[in-house]
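Presented below is the structure to which this report refers.
The values are calculated or read from the model by the stated rules, or taken from the named source; none is laboratory data. Note that the coordinates shown come from a computational prediction; the quantities given were computed from them, not determined experimentally. Glycine also receives a Cβ, built like all others from the backbone with ideal geometry; neighbour counts cover every protein chain displayed.
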Amino acid sequence: MWCIVVHGGAGLWSEKEKFPTIKNTILKSLEAGAFILSAGGSALDAVVDSVMVLEDSGVLNAGVGAYPNLVGEIEMDAGVMDGKSLKAGAVASVRNVKNPVLAAKLVLERTDHVLLVGEWASKFALFMGLPSLNFDRNANLLRYRDLVKKFEEGNTRYKSNLTLYKQYPELFHETVGAVALDCEGNLASATSTGGLALKLPGRVGDSPIIGAGTYADRNIAVSTTGIGEYIILLGVGIRASQYAENGLSAKDAAENIIQLLTSRFGKNSGGLIALDKNGVIGISYNTPGMARGYYSSRMSEPYAEVP
Ligand code: ASP
């Protein structure tokens with residue numbers, strides 16, 4: 001059996017006019033993953049291809065659609081993990097790389113390291129032949145102004161204060177991720193993001209932190225979304241792995257983790273997708289919505305839901 005699950009971020013999801021396009025994007029992403037898996041390809045290749053579709057869509061907070069930081073610049077994070085080999089790769093704060101998830105995969109495949117950051121991570125990706133992306137500065141600026149305006153309408157000033165993100169869940173939606181199980185029973189996970197909108201420059205979230213926002217082993221694969229700092233503090237990926245090691249299904253592990261996240265950090269703090277070696281799916285979040293979908297060899301067509 002094969003199975004793939006994707007998410008397009010937990011958050012407020014108030015812009016209903018965007019829902020049909022996002023739902024279509026999620027369906028396309030599931031089809032890209034299923035194309036690999038149904039031909040006997042690896043879970044790792046499937047999650048990377050699925051996430052690339054989401055990064056290229058421009059309608060989610062990753063790749064082309066990444067949200068700007070506090071000074072209006074783009075800094076993206078991505079991580080991938082292969083449950084079979086227990087190898088992982090990640091990049092953080094990369095700027096002009098079209099597909100950060102591919103850069104993360106190259107770190108896994110071509111280096112002895114797990115995480116590359118900043119300017120040298122971007123240089124590594126370009127040196128390895130990945131396409132660069134020069135963000136449309138005007139569009140980016142407009143987006144930045146729009147975000148700042150929304151923020152000001154809430155009569156508040158930016159502070160490096162995570163409670164603000166809980167108050168404004170629109171500032172952290174639309175991170176993307178995928179988890180997959182291939183025909184050989186191997187699991188993999190990938191996550192990619194522009195990070196929290198209006199984050200401090202240099203801030204790194206949970207997505208490229210292996211064991212927090214991205215994790216896969218022989219029992220379970222996990223990709224998270226939400227306020228990255230909380231997800232890092234709870235070590236969500238490793239926690240899911242421990243739950244699975246103790247016999248919990250991906251569904252129960254996901255629910256337990258979100259209960260814990262809510263009890264420690266309150267509502268509107270995050271969400272995750274998980275998939276276990278038996279093909280059981282876990283989808284859980286404590287925000288008003290989370291875009292998500294799944295597809296398996298037992299289904300005739302992919303399923304997606306937004307928010
Ligand atoms: N988890 C991401 C981060 O903190 C944000 C998101 O999920 O939208 O960077």
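Here's a check for you: in segment 251-269, which residue that is of a type outside the set (A, V, I, L, M, F, W, C) and modelled with pLDDT of 95 or more is surrounded by the fewest Cβ atoms within 10 Å (Cβ to Cβ)?
Ser263
Considering only segment 245-290, state which residues are assigned to a helix (DSSP H, G or I) and small (Gly, Ala, Ser).
Ala250, Ala253, Ala254, Ser263
Mind telling me which of the residues Leu30, Leu12, Leu37 ends up being touching a residue at least 60 places away in the same chain (Cβ under 8 Å) and out of contact with any Phe, Trp or Tyr (no Cβ under 7 Å at 6 or more places or on another chain)?
The unique qualifying residue is Leu12.
Sort through Gly41, Gly33 and tell me the only one that's under 25 Å from Ile210 (Cβ atoms) and surrounded by 24 or more Cβ atoms within 10 Å (Cβ to Cβ).
That would be Gly33, the only listed residue that is under 25 Å from Ile210 (Cβ atoms) and surrounded by 24 or more Cβ atoms within 10 Å (Cβ to Cβ).
Among Leu248, Leu234, which is the only one that is more than 9 Å from the ligand (Cβ to nearest atom), under 15 Å from Ile283 (Cα atoms) and modelled with pLDDT of 95 or more?
None of the others qualify; the one that does is Leu248.
Just checking, how many residues over segment 254-301 are of a type in the set (A, V, I, L, M, F, W, C) and touching a Gly at 6+ places or on another chain (Cβ under 6 Å)?
5
Quick one: count up the residues across segment 212-231 that are assigned to a loop (DSSP other than H, G, I, E, B) and away from the ligand (no atom under 14 Å from the Cβ).
Number of matching residues: 3.
In this structure, does Ile4 turn out to be touching a helix residue (DSSP H, G or I) at 6+ places or on another chain (Cβ under 9 Å), in a strand (DSSP E or B) and surrounded by 24 or more Cβ atoms within 10 Å (Cβ to Cβ)?
yes
Yes/no matrix, rows are residues, columns are (1) of a type in the set (Val, Ile, Thr); (2) buried (at least 21 other Cβ atoms within 10 Å of the Cβ); (3) more than 16 Å from the ligand (Cβ to nearest atom):
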position	(1), (2), (3)
Phe19	no, no, yes
Lys23	no, no, yes
Val48	yes, yes, yes
Val59	yes, no, no
Glu73	no, no, no
